[in-house]
Amino acid sequence: MPPFVDPANVSCPKCETTNPKEIVYGLPSVEMNNAATEGVIALGGFVTSDDSPVYECRSCGHAFGELGELGEF
Ligand SMILES: [Zn+2]
């Protein structure tokens, strides 16, 4: 099992900007909507698969990473 990865240590494969937004899947709570509005996270919607992206770059908007790489979700 891979350890939890701090987004501050993750860099965009396209532009190398670090600290991407984490993409959160499922029905968004009020807190999640607020966090998305503030740009803390990105909402990914309801449908996920092993190749759904995990992070969204704050700089270029590129979505990257795969849920499948993180093990169980
Ligand atoms: Zn980027």
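Just so it is clear, none of the values below were taken in a lab; they were calculated from the coordinates. All figures in this text were calculated on a predicted structure; none of them were measured in a lab.
Would you grab the residues whose amide H sits under 5 Å from the one on Ala63? Only those 5+ places off in sequence or on another chain, please, with H modelled 1.01 Å from N.
Placed amide hydrogens put Cys57 under 5 Å from Ala63.
Would you mind checking which residues have amide H under 5 Å from Val10's amide H? H placed 1.01 Å from N; only 5 or more apart, or other chain.
Asn19
P(r) for the chain, please, calculated from all Cα pair distances in 5 Å bins and given in %.
Going out from 0 Å in 5 Å bins, the chain shows 4, 17, 26, 26, 21, 7, 0 percent.
Calculated from DSSP H runs of 4 or more alone, at -39500 (n - 2.57) each and per residue, what is the 222 nm mean residue ellipticity of the chain, nearest 500?
Dividing the helical sum by the residues of the chain leaves -3000 deg cm²/dmol.
What's the extension gain from Asp50 to Thr18 if we count 0.36 nm per residue and subtract their Cα-Cα distance?
Here the answer is 9.2 nm.
So what are the ³J(HN,Hα) numbers for region 50-57, from phi and the Karplus equation (6.51, -1.76, 1.60; θ = phi - 60°), rounded to whole Hz, Gly and Pro as x?
So the Karplus estimates, Gly and Pro as x, are 5, 9, 5, x, 9, 10, 10, 5 Hz.
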